[in-house]
Every structure is written in C-alpha cells, then in structure tokens.
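Enquirer: One structure coming up, written as structure tokens, with questions to follow.
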Amino acid sequence: MSFAWAKPYEPKSPFTKWVDERLPLPRLVYGAIGGGYPVPRNLNYFWNFGVLAGLALVIQIITGIVLAMHYYSYAAGAFDSVERIMRDVNAGWVIRYVHQNGASFFFAVIYIHIFRGLFYGSYKAPREMVWMLGVVIYLLMMATAFMGYVLPWGQMSYWGAQVITGFFSAIPLIGEPLRIFLLGGYAPDQAALTRFFSLHYLLPFVIAGVVILHIWALHIPGSSNPTGVDVKDEKDTLPFHPFYTAKDGFGMGVALIIFSIFVFFLPFSLGHPDNYIEANPLVTPAHIVPEWYFWPFYAILRSFTVDFILPAKLWGVLAMFSAVLLLFFLTWLDRSPIRSTSYRPVYKIFFWILVADVILLGYVGQAHITPVNVALGQVAAAYYFLHFLVILPLVSKFEKPLQLPNSITESVLHGEDKESAPFGLATTGGSTTAPAAAE
Amino acid sequence: MPGEPVVDAADGHADGVRRRDFINIAATSFAGVGAGVAVAPLLMQMAPSADVQALSTTEVDISKIQPGQGIKAVWRKQPVFIRNLLPKEIAAANAVDVATLRDPQTLAERTKPGKTNWLITLGVCTHLGCVPLGIGEGETRGEYGGYFCPCHGSVYDTAARIRKGPAPKNLQVPEYKFTSATVVQIG
C-alpha cells in the first residue's frame, strides 16, 4: 500500500495460495501489520498507544459481551444485577473490574495517543483524514462511556444521566421536548436505561468500524514519525513485523502490568463511591462529578455563569461541544509546514502551556464550586479557546522553525554513517555481511 | 568498540540454535500462559453462579402422601418424583431378576434402609431429558406400572428402573435424607 519497497505477500503453502485467491484476508493482515507495512525506523514509545487503544477496545468488547450475559437493563433490577455479578457470578468481580477500569485505561491511552498526534502534527497533510476519523472515534467513545456509566443505575450514574441529558434542554424552544423524547420520559427511567444499554452495546462495534477506516486512511501515507520528516527511501523504514510487533508487544506487557495494578489493587480509585448507592430520583448527591476523563470538558461547561445574549446554560453546552469539535479544524488552524513540535521552538512553549491548561481544567472539573475555582475555570477555559483560535494560527505564521534533519536515517544515526542495516534489509554502506558467509 | 569482533548469536552453534530462538520461545510461551490466565474468568463466568447453586437443597413435607400416591417437587428447577409405594409395587419391583436389567439396581439400592416405600427420583427421563408421565393422578404409567415417557417411548418400572425404550439409565436418585419422619431434604 504505502511504499514501493513494501514486500508483497507471497502465500507459501497450497492452502494459503488457495485462500489468497478467494479471500485475501491473510494478505490484508500482512500488509497492515506484517512485513508488508514499512514503518519509519525512528518511532518512539508514543507510537505504542495506537496499538494499546486497539487492545483496550478489544478488552472492553470482550468483557462487555460477557457482562451483558449477566446484567439486567431493568430499572428495578439493574443495580442488583451488578451486585450479583460482583458476588455470585463466577469471576464476575474481575470481569466487571476489568470493564470498569478498562474504560479509564482506554481514555488514558487515547489521551496520550491524541497528545502524540498534537505534538508531532499528525493532523497535518497528508494525514487529515486519519485525524478527523480519530476525532469521530473520540466522540463515539465519549457517548459510549457516558451510556455505559449510567447502566449500573447508581446515584452518580443516574444523576450523570440527568445532567448530561439536561444539555439538550438548553436548546431554545425545542430543548425540553427533545430531552423528553430522547429519554422516553420526564426523567431517566426504564425507557432511557433500556435504550442506553442497547446503544452502549452497539456503539463499540461502530467504533471498531471507524477504527478500521482510521487504520486504512493511515496506511495510505504511512505512519508519521518523531521528526515529522517524510520517508525518503527504504533505509528510513523497517517492516512492521517483526520490528514493531516486538516493540508493541513489550509496550503492551508494561501497559497490562499497570492496568492490572488498578484492576487488582485499586479498582475503585478512579470511580466515585456514590455509585454504590442505588439510584434515587428524589435525592441528588452533594456533588455531581463525571468520570475523570470528562473533567476538563465539565469545567468548561460550568465556566459559564452569566447570561449574555444567550442563556449561560446554552453557552456552557455550546462551549463544551466546541472544545471537542475544534479538533476537527486543527489542520486548517495550524498552517505551519513543520509537523513535529520538536522543531518548533515557539509553538513548543505554547503546547506545554496548553497541556498545563487542560490539567488545570481537569482539576477545576472535579473541584467543589467556590469563587476561586470558578474564576480559575473561566481563565483556563478562555485560554483553551485562545490557544486554538488565536495563538496556534499566529505562531504557525510567524515562527522560525529549527533546521530539520535531511532524512529519518540521518536523524537516527547522529552522524554515524557506517551503521549496519537492520536485519534482513539490503544495505548501501556495505559494512555488513551475512553471518552465515563469515563462517 | 573498534577491532572487537561482532558477536553474532549464531556464532559457535553448529546446530543452528540461536539465543534468539530461546527468547522467541520464552516470550511466546509467556504470552500464551498470560492469555490463558486472562481467558479463565471469561470461561468461569459461564458456570452456575453462587445464587443458582444456592438452590441446591429443597425440603419437602411428605406427611400427606398416601400409599400409592406420588407428588412432583421442584429441586434445582427440575422435577423430583416422590412416590409412596404400595406393598404390591415393592413386591413387583423385588420380583425382577436384576441381572436382566439394562441398568441393574435393586429397589433397596434406590431407597433408604427401612424406608423402601419412599421412592425419590428425578423426574427427568435419562434419554433426552423429558418429564415422564405417571406421577400425576390418572396419568399412564406404562406396562411396568412405573413411569412412561411418551416422547420417545421409555418405560420405567415401579422402582423407576428403565425396562423398555431408548433411555440408557434408571431415573436418577438424587442425594436426599429424611430430616424427620415427615420431612425429606433433597440435595
């Protein structure tokens, strides 16, 4: 697909030949993650997170299918069915903990993946489609995570549903009828729970479909790399297998160890204890907070406290959605020809300020509402938009970037031009000979 | 370092075994064991859960069952036949030459000592799991006076032993004990 020197798939046995002529699925896999996909040789561990996100999606789908075998989407029994999974179903506790913490794992991995894309300019030509499909995946993940969170029908998830569906009531005129239509009732109840369950089961498969498009779109230009310099020739790349399968495999092992620490030792550390109280439509928790991965957006929502032309509530909802939708337009907001922020001294400073700003928004999103926190949130939310709408376009216009390396290989070798070629690849330097011939 | 020979994994191994082969096998095995451990809970959740297993004992009051009568109780969501045998039914069961049976068992082996009139069996045909007739008032009991499964024609005698038809085994006797003269605990 990507480069001329990609090794074509050659079926060896009569059976694989037979299959290849009828359904070239092994050929597809070989071209996607096998020796047939040449990848820049200088990828760092930030490039591990795409695979980890795929792993997280698979974990969520498998554990989710199993949990659905034991869960009742019945308002009077949903909470109890989750407790039954924890107590009576064989190994149910571990499956639920994996699914519950798996959502956090998925978002943590996705945030690092997005961060990688932002830092190394993965949203720039020719990978705009990859980026936009990624934003679609992220939006679908947010919807899926929200609806999944509602299913245990605990206090926090019930009131979360109340708050999130309340967004729709901010829309002028049709808002309140629309909200009632979407909930199938005047408040979250049986109808809402059943449709959330149905959609929570459906959307991961939609995500999997968009993931396939995301990878398909990626494999046309090929993977980016930390220098942001285009691949020039075969020396700049390695076949995906075995080089990146091995590297990703190692990273996966480390990630699973960290994930296991959460599942087995800190299963509640990322959740809220109020979700162990059964939903009560008549009592609101003292402090409604979403899961950690929504904190920054929740902070933006809460930053609007004054009516200004439109009601404050509508401003908050619009700002929150815009904060995500802005990412669609990054390609056109950032006009710098340089992809990697490593070579952009001015933008690099603003990039890290943005990271700090999002972390601050996250803090405000889970903090109690006090005048200081509200002010902090307002400043941080304003800066978030300032960064994307003003700073980013201006910096990309006036910044003088550092000298880019001439090639990926040059950036890797640090001037050692006589390095042996990777195993199994032709070399132009002539410094290596086949080990067998040396005997 | 200049001048030092490049160490190659294949060096000094005439049989072609490389150190990398060991790493390959070790890493793959480790990943395989890990995958196996990860799959275990996904399979275990299929087995009966604790609340299902908690249905495993049932107490039945048998004081109202007259000789010649039988009742259908429920244990593990399955029917259990509890029959108070008449002396002539006991005699008929004992008259059979055990050696001629498909699943040789005496009535004494299928009841508790001193309580041979209480025949307690699962009401599940050992052929394909249907519920045989004969426990209810007026139901056909088949030619041996026990139970009859009309679905595929299995005929059981007064000790609920298989006598004719496709079923391979006698109706199963569950674990049970008399907790008092009138109460039997099944399971």
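Enquirer: When segment B:35-45 is examined, which residues are found to be within 13 Å of chain A (Cβ to nearest Cβ) and not β-branched (V, I, T)?
Expert: Of everything in segment B:35-45, those that are within 13 Å of chain A (Cβ to nearest Cβ) and not β-branched (V, I, T) turn out to be B:A35, B:A38, B:A40, B:P41, B:L42, B:L43, B:M44, B:Q45.
Enquirer: Could you list, in sequence order, all residues of segment B:40-76 that are assigned to a helix (DSSP H, G or I), more than 17 Å from the chain's Cα centre (by Cα) and of a type in the set (G, A, S)?
Expert: B:A40, B:A50
Enquirer: Filter segment A:109-130 for residues that are surrounded by fewer than 18 Cβ atoms within 10 Å (Cβ to Cβ) and charged (D, E, K, R) and give the result.
Expert: Correct list: A:E128 only.
Enquirer: May I ask you to list the residues in segment A:22-40 that are assigned to a loop (DSSP other than H, G, I, E, B) and among the hydroxyl-bearing types (S, T, Y)?
Expert: Passing the criteria: only A:Y37.
Enquirer: Test B:G32 against the stated conditions and say whether it is modelled with pLDDT of 90 or more, under 30 Å from A:F250 (Cβ atoms) and within 13 Å of chain A (Cβ to nearest Cβ).
Expert: Details: modelled with pLDDT of 90 or more: yes; under 30 Å from A:F250 (Cβ atoms): yes; within 13 Å of chain A (Cβ to nearest Cβ): yes.
Spelling it out, B:G32 is indeed modelled with pLDDT of 90 or more, under 30 Å from A:F250 (Cβ atoms) and within 13 Å of chain A (Cβ to nearest Cβ).
Enquirer: Would you please list the contacts, defined by Cβ atoms under 8 Å and residues six or more apart or on different chains, that run from a residue in segment A:280-291 that is of a type outside the set (D, E) to a residue that is at pLDDT 90 or above and exposed (fewer than 12 other Cβ atoms within 10 Å of the Cβ)?
Expert: Close Cβ pairs satisfying both conditions: A:H287/A:H368.
Enquirer: Something else about it: Can you run down the residue pairs with Cβ atoms below 6 Å, 6 or more apart or on separate chains, where the first is in segment A:5-24 and closer than 30 Å to A:P40 by Cβ and the partner is in a helix (DSSP H, G or I)?
Expert: A:W5/A:E234; A:Y9/A:R27; A:Y9/A:Y30; A:P11/A:K17; A:P11/A:D20; A:D20/A:R27
Enquirer: What are the pairs, 6+ residues apart or on separate chains, where a residue within segment A:263-276 that is in contact (Cβ under 8 Å) with a residue 12 or more places away in the chain has its Cβ under 7 Å from a residue that is crowded, with 16+ Cβ neighbours inside 10 Å and part of a loop (DSSP other than H, G, I, E, B)?
Expert: A:H272/A:V289; A:D274/A:P285; A:N275/A:P152
Enquirer: Going through A:V324, A:V317, A:V306 one at a time, which residue ends up being part of a helix (DSSP H, G or I) and over 18 Å from A:Y111 (Cα atoms)?
Expert: Working: A:V324 fails: over 18 Å from A:Y111 (Cα atoms); A:V306 fails: part of a helix (DSSP H, G or I).
Of the residues listed, the single one that is part of a helix (DSSP H, G or I) and over 18 Å from A:Y111 (Cα atoms) is A:V317.
Enquirer: Here is a follow-up. Considering each residue of segment B:145-168, count those that are surrounded by 14 or more Cβ atoms within 10 Å (Cβ to Cβ) and either among the small types (G, A, S) or touching a residue at least 40 places away in the same chain (Cβ under 8 Å) (or both), and give that number.
Expert: 13
Enquirer: Let me ask something else about it. Just checking, which of A:L386, A:L376, A:L392, A:L404 is surrounded by fewer than 17 Cβ atoms within 10 Å (Cβ to Cβ) and not small (G, A, S)?
Expert: On the way: A:L376 fails: surrounded by fewer than 17 Cβ atoms within 10 Å (Cβ to Cβ); A:L392 fails: surrounded by fewer than 17 Cβ atoms within 10 Å (Cβ to Cβ); A:L404 fails: surrounded by fewer than 17 Cβ atoms within 10 Å (Cβ to Cβ).
Result: A:L386 is the single residue among A:L386, A:L376, A:L392, A:L404 that is surrounded by fewer than 17 Cβ atoms within 10 Å (Cβ to Cβ) and not small (G, A, S).
Enquirer: Shifting gears a bit: Just one of the numbered conditions (1) over 22 Å from the mean Cα position of the chain (by Cα); (2) in a strand (DSSP E or B) is not true of B:T116; which one?
Expert: (2)
Enquirer: Need pairs with beta-carbon distance below 6 Å; first residue farther than 18 Å from A:A78 by Cβ and within segment A:157-173, second assigned to a helix (DSSP H, G or I) and of a type in the set (A, V, I, L, M); sequence gap 6+ or separate chains.
Expert: If the second residue must be assigned to a helix (DSSP H, G or I) and of a type in the set (A, V, I, L, M), the pairs left are A:F167/A:V317; A:F168/A:L178; A:A170/A:L314; A:A170/A:V317.
Enquirer: Can you name the number of the only condition in (1) under 28 Å from A:G251 (Cβ atoms); (2) among the aliphatic types (A, V, I, L, M); (3) within 14 Å of another protein chain (Cβ to nearest Cβ) that A:M129 fails?
Expert: Only one criterion is unmet by A:M129, namely (3).
Enquirer: Here is a follow-up. Filter segment B:46-66 down to residues that are within 12 Å of chain A (Cβ to nearest Cβ) and surrounded by 11 or more Cβ atoms within 10 Å (Cβ to Cβ), then give me how many there are.
Expert: Within segment B:46-66, residues that are within 12 Å of chain A (Cβ to nearest Cβ) and surrounded by 11 or more Cβ atoms within 10 Å (Cβ to Cβ) number 9.
Enquirer: Can you confirm whether B:T121 is within 14 Å of B:T158 (Cα to Cα) and assigned to a loop (DSSP other than H, G, I, E, B)?
Expert: It is false that B:T121 is within 14 Å of B:T158 (Cα to Cα) and assigned to a loop (DSSP other than H, G, I, E, B).
Enquirer: Please go through segment A:1-47 and give me each residue that is touching a strand residue (DSSP E or B) at 6+ places or on another chain (Cβ under 8 Å) and among the aliphatic types (A, V, I, L, M), ordered by number.
Expert: Correct list: A:A6, A:V39.
Enquirer: A further question follows. Just to check your reading of the model, which residue among B:L128, B:L122 is without any contact (Cβ under 8 Å) to a residue 60 or more places away in the chain, under 21 Å from the mean Cα position of the chain (by Cα), surrounded by fewer than 14 Cβ atoms within 10 Å (Cβ to Cβ) and farther than 30 Å from A:E83 by Cβ?
Expert: Of the residues listed, the single one that is without any contact (Cβ under 8 Å) to a residue 60 or more places away in the chain, under 21 Å from the mean Cα position of the chain (by Cα), surrounded by fewer than 14 Cβ atoms within 10 Å (Cβ to Cβ) and farther than 30 Å from A:E83 by Cβ is B:L128.
Enquirer: Is it fair to say B:E109 is among the acidic types (D, E), out of contact with any strand residue (DSSP E or B) (no Cβ under 6 Å at 6 or more places or on another chain) and at pLDDT 90 or above?
Expert: Taking the combined requirement at face value, the residue satisfies it.
Enquirer: OK, next. In contact with a His (Cβ under 6 Å, 6 or more places away or on another chain) and more than 28 Å from A:H272 (Cβ to Cβ): does that describe A:L133? It would help to see each step written out before you state the result.
Expert: Details: in contact with a His (Cβ under 6 Å, 6 or more places away or on another chain): yes; more than 28 Å from A:H272 (Cβ to Cβ): yes.
Criteria met by A:L133.
Enquirer: Can you tell me which residue among A:Y97, A:Y149, A:Y123, A:Y74 is hydroxyl-bearing (S, T, Y), more than 14 Å from chain B (Cβ to nearest Cβ) and in a helix (DSSP H, G or I)?
Expert: The unique qualifying residue is A:Y149.
Enquirer: Additional query: For A:S81, only one of the following conditions fails: (1) in a helix (DSSP H, G or I); (2) within 14 Å of chain B (Cβ to nearest Cβ); (3) in contact (Cβ under 8 Å) with a residue 60 or more places away in the chain. What is its number?
Expert: It fails just one condition, (3).
Enquirer: While we're here: Being within 14 Å of chain B (Cβ to nearest Cβ) and out of contact with any Ser or Thr (no Cβ under 6 Å at 6 or more places or on another chain) is true for just one of A:G64, A:G54, A:G31, A:G117. Which residue is that?
Expert: After applying the criteria, what remains is A:G64.
Enquirer: Counting only residues that are within 26 Å of the chain's Cα centre (by Cα) and over 20 Å from A:I300 (Cα atoms), how many does segment A:364-402 have?
Expert: Selection size over segment A:364-402: 2.
Enquirer: On the basis of being crowded, with 17+ Cβ neighbours inside 10 Å and free of Cβ contacts under 8 Å to residues at least 60 places away in the same chain, does A:A91 make the cut?
Expert: Values: crowded, with 17+ Cβ neighbours inside 10 Å: yes; free of Cβ contacts under 8 Å to residues at least 60 places away in the same chain: yes.
Spelling it out, A:A91 is indeed crowded, with 17+ Cβ neighbours inside 10 Å and free of Cβ contacts under 8 Å to residues at least 60 places away in the same chain.
The values are calculated or read from the model by the stated rules, or taken from the named source; none is laboratory data. The structure presented is a predicted model; accordingly, all values stated were derived computationally and were not measured. Cβ coordinates were reconstructed from backbone atoms using ideal geometry, including for glycine residues, and neighbour counts include every protein chain displayed.
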